[in-house]
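Colleague: Below: one structure in structure tokens.
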Amino acid sequence: MAERSVPEAIASIDLASIADVGARQAIRALLNLVEEQASEIRALRVENQQLRDELTRLKGGQGRPKIRPGKTAGGSTDYSSEQERRTAPKAWQKRGKQDRLRVDRTERVVVDPATLPADAELKGYERVVVQDLVLRTDTVAFEVAVWYSRSERRSYRARRPAGYDGTFGPHLRTLVVTLAYGGGMSERKILELVGGTGIVISAGTVSNLLTEGRAAFETEARAVLKAGLGSTPYQHLDDTSTRVAGAGQYCQIVCNPLYTAYQTTPKKDRRTIIEVLRGGRPRAYRFDHEADRHLVFLGLSAAARAKLTAIPREQTLDEATLAQLLDGPALRLGPKQQEQVREALALAAYLADPDWPVVRTLVCDDAPQFRAITEELALCWIHEGRHFKKLTPYLPQHQAALADILTQFWDYYRDLLAYRERPTPADRLRLDASFDTLFGATTGYQALDERLALTLDKKPELLLVLEHPELPLHNNPAELGARLRVRKRDVSFGPRSPAGSAAWDTFMTLAATTRKLGLDFSAYLRDRFTHAGQIPPLADLISARASQLALVPC
């Protein structure tokens with residue numbers, strides 16, 4: 001008889017057939033010990049290989065190539081739940097294009113009469129539409145009229161057409177910005193493409209076209225954020241790492257179905273998130289009851305809170321004023337305590353600002369910096385599901401237990417989707433009870449049971465949708481926005497200056513928002529560069545469509 005492997009031998013153990021409770025618990029503990037040891041062995045193998053690779057590099061050789069997770073058979077760390085959460089596969093259907101084409105010119109193609117027989121008759125014309133794109137130069141030499149007044153001792157020059165005030169026209173500027181922020185191309189590749197058409201331009205000029213003259217666009221991007229924050233009662237929020245001049249920073253992504261806004265920040269703590277939701281305006285602070293509440297949440301001692309009487313209440317303070325108060329001898333707070341006071345007063349100022357929309361609900365993951373800012377917090381079910389998919393059980397019993405929980409997890413998720421579409425009080429009570437049953441279960445697989453308990457503790461945030469069916473169940477819109485930034489970062493590494501960082505944020509905000517509004521980004525840029533005024537301000541479009549927005553299951 002062939003010798004069985006350890007997992008196969010353990011798989012033959014039937015715990016249900018063991019009558020003795022103590023023996024059953026002892027065997028279950030042994031199984032979890034085997035699982036724990038298997039996990040530790042896997043981790044040690046990875047660490048051992050990393051040390052071997054490092055030793056090889058120190059000797060002048062090369063370690064194993066770094067392959068992105070999910071690309072190797074058997075070692076995949078792809079935690080996507082796309083298949084599990086779909087009720088049915090998407091039906092693919094080729095979309096017609098004739099009704100979407102804009103014909104620029106019509107050209108009649110005829111037959112040479114000499115090639116036709118004598119009895120040939122013309123029966124009409126067959127319509128065939130061929131799409132083409134012409135990329136050519138349009139270099140204009142303006143002869144600008146110059147007049148001189150002897151009496152006034154000054155010259156008068158004719159104005160060039162709108163958008164032609166520099167040495168490069170609006171169409172070239174539109175192309176460069178579109179390729180960089182709408183198409184994600186690097187500056188080097190843009191230079192190659194533009195230079196190949198016959199345009200004489202330097203790498204520095206391409207960089208300047210992408211960063212300079214953006215003041216009006218920054219103003220519109222800020223207006224987009226303000227209108228977007230006020231367009232729905234909830235906002236998606238996520239972040240991704242980025243580099244500015246080689247230094248590590250973070251890109252914050254705030255969005256909803258009508259817009260996406262990007263803001264690059266040096267940190268990603270809670271005070272940073274407050275500043276992001278305030279639109280990056282100058283910092284403001286306020287000491288009121290909301291600040292008191294948040295100081296208690298942060299755990300600032302009663303003795304430290306008693307020292308805050310030197311800070312005036314119910315007044316909005318700027319950065320310089322608060323810094324002077326915190327550094328004064330009356331407070332004598334440590335650095336950590338000062339940061340807690342700043343955070344609490346910044347949050348209170350944000351909540352009391354009458355000129356800026358205050359977000360009621362954040363839809364995000366369970367990172368600590370997102371908590372205690374808004375009135376309510378809705379956690380992402382997709383992100384929660386990843387925690388379960390990251391478990392790597394070794395024993396067959398545990399693999400089966402995890403598979404069963406994942407099946408129930410996504411069945412419950414689809415029930416929530418159905419509830420969002422047609423909410424009823426009966427379904428609300430049923431789903432509330434089903435949550436406790438699912439995540440309060442005990443499987444005997446210790447790591448899985450711990451994971452279930454952690455999810456059970458998040459019940460208020462995961463089931464906020466029962467109270468507000470308009471809330472989405474996941475944070476995919478913000479994660480997709482982050483993915484666009486990652487792709488831009490992979491191509492261009494990162495901006496090399498604060499001005500470049502601001503340009504990235506501004507134009508990526510406008511590119512993503514025009515896409516959500518159904519506008520062509522290049523047409524929008526051309527309208528702004530030529531001052532045509534045919535496309536309304538994006539903030540106005542967001543506000544106009546907010547009342548017509550229909551939240552559907554996603």
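The values are calculated or read from the model by the stated rules, or taken from the named source; none is laboratory data. All values reported here derive from a predicted model rather than from experimental measurement. Virtual Cβ from ideal backbone geometry, glycine too; neighbours counted across all protein chains shown. Surface areas here come from the heavy atoms of the whole protein model, side chains and all, with no ligands, DNA or RNA. Shrake-Rupley method; radii C 1.70, N 1.55, O 1.52, S 1.80 Å.
Colleague: Could you tell me the calculated FRET efficiency between Ser547 and Asp99, based on Cβ-Cβ distance and R0 = 35 angstrom, to the nearest 0.05?
Modeller: The formula returns an efficiency of 0.80 here.
Colleague: Another question, then. Taking every pair of Cα atoms in segment 281-418, average 1/r, invert it to obtain the Kirkwood radius, and report Rg/Rh to two decimals.
Modeller: 1.19
Colleague: Which length gain, in nm to one decimal place, applies between Ala367 and Leu122 when the Cα-Cα distance is subtracted from 0.36 nm times their residue separation?
Modeller: On the way: separation 245, 0.36 × 245 = 88.20 nm, distance 7.29 nm.
Gain on extension, Ala367 to Leu122, equals 80.9 nm.
Colleague: Using the alpha-carbon centroid of each, what span in Å lies between segment 341-379 and segment 151-229?
Modeller: The distance from the Cα centre of segment 341-379 to that of segment 151-229 comes to 36 Å.
Colleague: Tally Lys and Arg at +1 and Asp and Glu at -1 over the other residues with C-beta under 10 Å from the C-beta of Arg286: what net charge comes out?
Modeller: The answer is -3.
Colleague: Let me ask you something else. Please list Arg422, Arg515 from largest to smallest accessible area, probe radius 1.4 Å, with all protein chains kept in place.
Modeller: Arg422, Arg515
Colleague: What does the net charge come to around Val224 if you take all other residues with beta carbon closer than 12 Å to its beta carbon, with K and R at +1 and D and E at -1?
Modeller: Local charge sum for Val224: -1.
Colleague: Mind jotting down the three principal axis lengths of segment 422-484 based on Cα atoms? Whole angstrom, largest first.
Modeller: Sorted largest first, the three principal extents are 40, 35, 15 Å.
Colleague: Share of Cα-Cα pairs in segment 332-374 beyond 14 Å, in percent?
Modeller: Across segment 332-374, Cα pairs with separations above 14 Å total 59 percent.
Colleague: With the contact rule set at Cα under 8 Å and sequence spacing of 6 or more, what percent relative contact order holds for segment 166-261? It would help to have the intermediate numbers written out before the result.
Modeller: Numbers: 74 pairs, mean separation 17.3, N = 96.
Dividing the mean separation by the residue count of segment 166-261 yields 18 percent.
Colleague: Given a Förster distance of 51 Å, report the FRET efficiency between Gln62 and Ala303 from their Cβ-Cβ distance, rounded to the nearest 0.05.
Modeller: Efficiency computed from Cβ-Cβ geometry: 0.30.
Colleague: Here's a follow-up. Contact order normalised by length for the chain, with contacts defined as Cα pairs under 8 Å and 6 or more residues apart; what percent is it? Intermediate results must be reported in sequence, preceding the final value.
Modeller: Working: 609 pairs, mean separation 118.3, N = 554.
Answer for the chain is 21 percent.
Colleague: To the nearest whole percent, what portion of all C-alpha pairs in segment 395-554 is separated by more than 18 angstrom?
Modeller: 72
Colleague: Between Ser39 and Asp355, what is the label-point separation in nm under the 7 Å Cα-to-beta-carbon projection?
Modeller: Result for the modelled spin labels: 5.3 nm.
Colleague: Within segment 154-170, find all residues whose amide N lies under 19 Å from a label point positioned 7 Å from the Cα of Ala216 along Cα-to-beta-carbon.
Modeller: Answer for segment 154-170: 159-170.
Colleague: Now for a separate question. So if we plug the beta-carbon distance of Ala532 and Ser202 into 1/(1 + (r/R0)^6) with R0 = 35 Å, what FRET efficiency do we get, rounded to 0.05?
Modeller: Taking R0 as 35 Å, the efficiency between Ala532 and Ser202 is 0.75.
Colleague: List the relative contact order of segment 336-401 as a percent without decimals, with contacts defined as Cα pairs under 8 Å and 6+ residues apart.
Modeller: Averaging sequence separation for qualifying contacts and normalising by length gives 21 percent for segment 336-401.
Colleague: What is the spin-label model distance, in nm, from Glu450 to Arg150 if the labels are put 7 Å beyond Cα along the C-beta direction?
Modeller: About 9.5 nm separates the two model spin labels.
Colleague: Then there is this: On average, how much area does the Cα convex hull of segment 368-474 cover when viewed from any direction, in nm²?
Modeller: Convex hull of Cα atoms, orientation-averaged projection: 6.9 nm².
Colleague: What Kirkwood radius, in Å to one decimal, follows from the Cα pairs of segment 123-194?
Modeller: 16.6
Colleague: Let me ask something else about it. If I compute Rg and Dmax of the Cα atoms in Å from the structure I just sent, which labelled value in (1) 25.4, 80; (2) 23.1, 80; (3) 31.0, 115 lines up?
Modeller: Only one listed value fits the structure, namely (3).
Colleague: What is the extension gain from Leu51 to Glu107, computed as 0.36 nm multiplied by their sequence separation minus the C-alpha to C-alpha distance, in nm to one decimal?
Modeller: 13.3 nm is the gain from fully extending Leu51 to Glu107.
Colleague: Modelled label-to-label distance, Leu429 and Val130, 7 Å Cα→beta-carbon offset: nm?
Modeller: Distance between label points: 7.0 nm.
Colleague: Largest first, how would Lys459, Lys59 line up by accessible area (1.4 Å probe)?
Modeller: Numbers: Lys459 40, Lys59 160 Å².
Putting Lys459, Lys59 in descending order of accessible area: Lys59, Lys459.
Colleague: Run through every distinct alpha carbon pair of segment 219-369 and return the Kirkwood hydrodynamic radius in angstroms, one decimal place. Spell out each step's value before the answer.
Modeller: Numbers: mean 1/r = 0.0607 Å⁻¹.
After inverting the pairwise mean of 1/r, the radius is 16.5 Å.
Colleague: Another question, then. For the chain, what does the helix formula give at 222 nm: sum of -39500 (n - 2.57) over DSSP H segments with n ≥ 4, over the residue count, nearest 500 deg cm²/dmol? Write down the numbers at each step before the final one.
Modeller: Values: 22 runs with 262 residues, N = 554.
It lands at -14500 deg cm²/dmol.
Colleague: Show me 155-163, 252-260 ranked by packing, highest mean number of other Cβ atoms within 10 Å first.
Modeller: Packing proxy ranking, top to bottom: 252-260, 155-163.
Colleague: Moving on. For Asp355, what charge total do you get from the other residues with a beta carbon under 12 Å from its beta carbon, if Lys and Arg give +1 and Asp and Glu give -1?
Modeller: +2
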